[in-house]
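> Take this structure first; my questions come after.
The values are calculated or read from the model by the stated rules, or taken from the named source; none is laboratory data. No experiment lies behind these values; they were computed from the predicted model shown. Cβ placement follows ideal geometry from the backbone for every residue including glycine, while neighbour counts extend to all protein chains displayed.
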């Protein structure tokens, strides 16, 4: 999942770009390399943990739904596993579009709400999310409540186009079910599911990951 998103980041971040990592968090879960030189990555988040994020060179405390930056500031805005937590995703996308330069791109990674993991997460209390992820080595500081208000391919497209961005692609893909490694049978069933949904295009809407690339029109 993260390897695929890093490939997308490398594809669109050119030498000398100014990049915004929106909702960057601590960076403990996703460490990436843009693969370009002279790039300045600015991270913004509501948590002070962003100051320890190894991906960014400059940290700014702020909300992605009211970004503290001037218009047309960045060539690229990237956001990883943030959209599913936003109570007002349209406002966040409007802000991301505002700070993008003409021709700039928004790159995002988020779960698909029709997958069995987000479906379960949507009905289970947050304390169980914390307990389960803690057993996988994910600290409580990196676990946030989810609402999934933008988390289908169709919903993402409508929201992005609604703020004036042109959607270049939305990719859906299933990855190895490492979160089911707690039990051999659960893991085997997860692998069967992975192979089925990746093999048949009719099952694409059941794949767990969504990557979207949207472009701000040139003036």
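> May I ask you to say which residue of 114, 93, 30 is assigned to a loop (DSSP other than H, G, I, E, B), within 30 Å of residue 177 (Cβ to Cβ) and in contact with a strand residue (DSSP E or B) (Cβ under 9 Å, 6 or more places away or on another chain)?
Criteria check complete, one pass: 30.
> Right, next: Could you tell me which numbered condition residue 123 fails, if it satisfies all but one of (1) surrounded by 12 or more Cβ atoms within 10 Å (Cβ to Cβ); (2) at pLDDT below 90; (3) within 20 Å of residue 83 (Cα to Cα); (4) out of contact with any strand residue (DSSP E or B) (no Cβ under 8 Å at 6 or more places or on another chain)?
(1)
> Collect the residues in region 34-59 that are touching a helix residue (DSSP H, G or I) at 6+ places or on another chain (Cβ under 8 Å), at pLDDT 95 or above and either within 25 Å of residue 144 (Cα to Cα) or crowded, with 20+ Cβ neighbours inside 10 Å (or both), keeping them in residue-number order.
Those that are touching a helix residue (DSSP H, G or I) at 6+ places or on another chain (Cβ under 8 Å), at pLDDT 95 or above and either within 25 Å of residue 144 (Cα to Cα) or crowded, with 20+ Cβ neighbours inside 10 Å (or both): 43, 44, 56, 59.
> Could you identify the single residue in 164, 154 that is at pLDDT 95 or above and assigned to a loop (DSSP other than H, G, I, E, B)?
164
> Considering only residues of region 6-39 that are touching a residue at least 60 places away in the same chain (Cβ under 8 Å) and over 24 Å from residue 61 (Cα atoms), which is farthest from the chain's Cα centre (by Cα)?
14
> Let me ask another. Within region 173-219, can you find the residues that are closer than 15 Å to residue 117 by Cα and not in a helix (DSSP H, G or I)?
Once the filter is applied, which keeps residues that are closer than 15 Å to residue 117 by Cα and not in a helix (DSSP H, G or I), region 173-219 yields 173, 174, 175, 176, 177, 181, 182, 207, 208, 209, 210.
> Look at region 60-90 and say how many of its residues are assigned to a strand (DSSP E or B) and surrounded by 18 or more Cβ atoms within 10 Å (Cβ to Cβ).
7
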